[in-house]
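I have placed the structure first, in the form of structure tokens, so that the comments after it can refer back to it.
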Amino acid sequence: MEDLLGKLGNKFGVLAESDTTQLKVMAKNEDVAVGDLFIIPSRRGHARFYFFRATQYANVMNRTIDMGDVARNKLTMDDSYFADDLNDEKLIELKGMLLGYAQKEVNGKWSFHRPRRLPEHLTEVYLVTEENAVVVRELLASQLGSGIFVGYLLAGEKALSSVPVYMPPHALSHHIGVFGRTGGGKSNLLMVLIESMFRYNEKVELDGNGRKVSLLAIDPHDEFCTWPSGQRNGIEEIVSKYDFKSGSWNSLVAPFYYLTARDTISKEGQRRIRLSRADIGPQDLLSIMEFTDQQTAFANQIYSFHGERWINRLLSGDIGEHTGEGAAFLPGTISAVERRVSFLRRGQTQIFTSYDPEIDQEYESVLPDIICALESGRIITVDTTLMTELEQFLVTTVVARTLFMLRKALKSARSAETLEREICISLGFDPENGSTGMRAFAESMIEALNEGRLPYVRNGEVVRIEELPHVNVLIEEAPSVLNPERLRFGSIFRDISRQGRKFGIGLTVISQQVTAIDHGILSQLNTEITMALGNEAERKEAIKNASADLYGFEKELQVMGKGQAIMTASYRDVPLPVQAPLFDSLVERGCIR
Ligand SMILES: Nc1ncnc2c1ncn2[C@@H]1O[C@H](COP(=O)(O)OP(=O)(O)OP(=O)(O)O)[C@@H](O)[C@H]1O
Ligand SMILES: [Mg+2]
């Protein structure tokens with residue numbers, strides 16, 4: 001305790017009244033701001049350092065009770081109030097809340113506890129500044145975390161550049177919400193996170209152990225790849241560090257980091273996105289558009305009969321005769337389903353390729369490569385600017401669903417021998433029982449498995465999900481996909497939000513509004529990064545949904561500056577105010593722990 005005390009600098013004030021929710025401190029007249037952090041060392045019982053955050057300041061006079069009298073006198077008899085001793089009379093009274101306290105454990109580390117105790121009477125109080133920030137870093141180590149760099153701890157208006165805040169890698173396989181009004185700095189923060197993920201993977205690769213992280217970022221503004229608003233060139237610049245002839249490119253970036261519907265691609269690691277109609281199952285369409293029960297039954301029946309060629313059959317009007325073995329379907333039902341899949345017609349979509357081996361239309365899809373990449377720790381952005389909303393939604397759904405199914409198959413496989421079969425069955429491909437399902441995709445995955453691109457087997461054993469990367473699917477402008485009306489029963493995103501963590505797959509939801517996101521999804525968020533929010537209703541919703549009590553932070557949500565956020569998480573004891581740095585200013589530094 002003594003060595004830390006020595007580093008705290010000059011005392012700021014003395015603790016006056018206190019209870020476990022609010023403290024009052026008397027201090028000299030100094031420049032202060034709401035949100036300032038204070039440390040209160042105390043020896044009551046055990047040596048502890050309490051953390052305290054100011055929520056309110058007031059100017060008071062030492063011996064005078066009524067400031068109004070002093071002001072009146074100053075106005076009428078100004079000179080007499082310039083007396084030196086008057087300055088000594090000026091004090092500030094600050095009120096605020098206890099965040100908790102740090103206590104040294106037997107292992108020599110500081111643990112953090114929520115405020116269940118109080119510091120002693122009249123304890124000295126120290127203001128946290130850049131000069132004594134090392135003390136904060138040591139005391140709060142358990143809260144600041146390690147892994148993916150997010151920003152710097154914010155004390156009042158000051159970002160403490162020696163106190164970086166991290167998000168643990170496992171947070172990515174749980175669900176993350178990033179909320180803030182337009183222009184608040186969400187996209188900039190995401191660039192910072194993306195760069196941190198690359199650095200983190202680099203470190204895992206270098207150490208030769210640990211779990212990598214993977215990201216599939218749906219980017220409707222096409223900003224992440226080249227970061228058009230800044231001086232740095234987005235992910236393009238981040239990956240340019242990895243020489244593509246070298247091992248680091250192959251282990252961190254290959255085969256691609258950027259997928260786009262544009263045709264003009266010249267750079268290594270960028271690829272034209274094409275998925276096959278054969279990758280789409282009825283459940284994908286059901287989860288993005290409205291189907292009646294009859295239409296659902298019909299779509300399922302066509303699929304169970306024709307498998308991966310079901311959409312081709314529907315589009316060509318050649319659904320065969322044997323499809324009506326069970327119930328017969330009304331022509332209206334059939335044509336309604338045909339209409340619903342018509343956006344997948346050739347000429348209507350640049351993304352989905354047709355598939356019919358009988359007429360030499362082979363399986364053409366990057367889906368197998370996307371899955372293998374995500375299973376190997378890759379950060380991939382998908383530029384969806386040229387996609388329709390429906391295509392974007394479908395692409396995201398198909399990738400998320402297939403990954404989810406494969407991980408489920410992996411979990412249920414007992415041995416490397418049964419894995420192939422589990423994969424095929426999970427994709428509905430079961431030749432022994434006459435079911436085609438997603439045969440082409442399943443065969444591609446088996447090939448990838450055998451070539452080692454799909455890393456599900458190691459040393460002859462099936463790997464555990466805990467050995468695979470934490471995968472996150474990031475959805476910018478989330479309300480367009482995850483709003484309550486859109487999110488239908490059976491949506492893969494609802495499944496992932498409920499069970500994704502078991503399979504190491506998480507969602508990141510980016511939105512200007514908290515209220516526009518489906519409640520089921522909101523309630524499953526584990527990490528919330530909340531920036532300034534535009535109105536009362538949004539702030540209320542954010543506070544309601546936060547994983548930690550935001551009591552005392554309400555004001556901040558209104559006044560925070562660009563890139564400032566309150567981070568709450570179920571794995572943390574306190575909300576942490578952070579300042580994300582500007583991505584442009586984030587030159588390479590040791591921000592990975
Ligand atoms: N951490 C930061 N520090 C300083 N300035 C920032 C920071 N983050 C963002 N800004 C500034 O704010 C601008 C808008 O930021 P950004 O595009 O990240 O906002 P956004 O929340 O994504 O907005 P939208 O909801 O409209 O997409 C940036 O161009 C940048 O100038
Ligand atoms: Mg943005």
Check: Nearest 20 debye, what's the magnitude of the dipole of the stretch 282-359 about its Cα centre given +1 on Lys and Arg Cβ and -1 on Asp and Glu Cβ?
Finding: 280
Notebook entry, point to check: residue 99's amide H: which non-local residues (gap 5+, or another chain) put their own amide H closer than 5 Å, with H modeled 1.01 Å from N in plane and none for Pro or chain starts?
Noted result: 51, 52, 53
Notebook entry, point to check: How would you rank 437-444, 25-32, highest first, on the average number of other Cβ atoms within 10 Å across their residues?
Noted result: 437-444, 25-32
Margin query: I need the GluC sites (Glu not before Pro) found in the stretch 169-222, filtered to DSSP loop residues with at most 12 other beta carbons within 10 Å of theirs.
Written below: none
Next item on the list: Provide 94, 330, 419 in ascending order of the number of other Cβ atoms located within 10 Å of each residue's Cβ, fewest first.
Entry: 330, 419, 94
Notebook entry, point to check: Out of residues 5 or more away from residue 90 or on other chains, whose amide H comes under 5 Å of its own, with H placed 1.01 Å from N in the peptide plane?
Noted result: 62
Next item on the list: Determine which residues of the stretch 111-135 fall in the zone a paramagnetic label at residue 1 would reach in this model, i.e. backbone nitrogen under 17 Å from the point 7 Å along Cα→Cβ.
Entry: 111-113, 116-126
Note to self: Multiplying the sequence separation of residue 433 and residue 559 by 0.36 nm and subtracting their Cα-Cα distance, what value in nm do you get?
What the structure shows: 39.1 nm
Item checked: Charge dipole magnitude, Cβ of K and R +1, D and E -1 - the chain, Cα centre, debye nearest 20 -> 1080
Notebook entry, point to check: Where in the stretch 164-270 are there trypsin sites (Lys or Arg not before Pro) that are in a DSSP coil and have at most 14 other Cβ atoms within 10 angstrom of their Cβ?
Noted result: 241, 245, 262, 267
Next item on the list: Quick one: what are the phi-derived ³J(HN,Hα) couplings along the stretch 398-414, Karplus 6.51/-1.76/1.60 with θ = phi - 60°, whole Hz, x for glycine and proline?
Entry: 5, 5, 4, 5, 5, 4, 4, 5, 5, 5, 5, 4, 4, 5, 8, 6, 8
Margin query: From Cα pairs below 8 angstrom and at least 6 apart in sequence, can you work out the relative contact order of the chain, rounded to a whole percent?
Written below: 18
Note to self: Within 10 Å of each candidate Cβ there may be at most 15 other Cβ atoms; applying that plus a DSSP loop requirement, which GluC sites (Glu not before Pro) in the stretch 457-532 survive?
What the structure shows: 485
Notebook entry, point to check: Reported to two decimal places, what Rg/Rh ratio describes the chain when computed on Cα atoms with Rh from the Kirkwood expression?
Noted result: 1.08
Note to self: Give me a comma-separated list of calculated 3J(HN,Hα) values for the stretch 456-470, in order, Karplus coefficients 6.51, -1.76, 1.60 applied at θ = phi - 60°, integers in Hz, x for any Gly or Pro.
What the structure shows: 8, 10, 9, 6, x, 10, 5, 6, 8, 4, 5, 9, 8, x, 6
Next item on the list: Using Cα pairs closer than 8 Å and at least 6 residues apart in sequence, work out the relative contact order for the stretch 282-359, in percent.
Entry: 32
Note to self: Can you give the log10 of the normalised intensity I(q)/I(0) at q = 0.12, 0.24 Å⁻¹, computed with Debye over equal Cα scatterers of the stretch 282-359?
What the structure shows: -0.31, -1.26
Check: For labels at residue 134 and residue 523 in the simple 7 Å Cα→Cβ model, what's the distance in nm?
Finding: 4.8
Next item on the list: Grab the Cα-Cα distance for residue 226 and residue 105, subtract it from 0.36 nm times how many residues apart they are, and report the gain in nm with one decimal.
Entry: 38.9 nm
Checklist line | Integer Hz, Karplus 6.51/-1.76/1.60 couplings in order for the stretch 215-221, x for Gly and Pro | finding: 9, 10, 9, 7, 10, x, 9
Next item on the list: Could you let me know the centre-to-centre spacing of the stretch 195-224 and the stretch 386-440, using Cα atoms, in angstrom?
Entry: 24
Next item on the list: Evaluate the Kirkwood expression for the hydrodynamic radius of the stretch 272-318, namely the inverse of the mean inverse distance over all pairs of different C-alpha atoms, and round to one decimal in Å.
Entry: 11.1
Checklist line | Amide hydrogen neighbours beyond the local backbone of residue 216, cut-off 5 Å, H modeled | finding: 380, 472, 473, 474
Checklist line | Inter-label distance for residue 362 and residue 34, nm, one decimal - labels placed 7 Å from Cα along Cα-to-Cβ | finding: 6.5
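Read-outs: derived from the displayed coordinates by stated rules, not from any lab. None of these values were measured; they are calculated from a predicted model. All Cβ positions, even for glycine, are placed from backbone atoms using ideal geometry, and neighbour counts span all protein chains on display.
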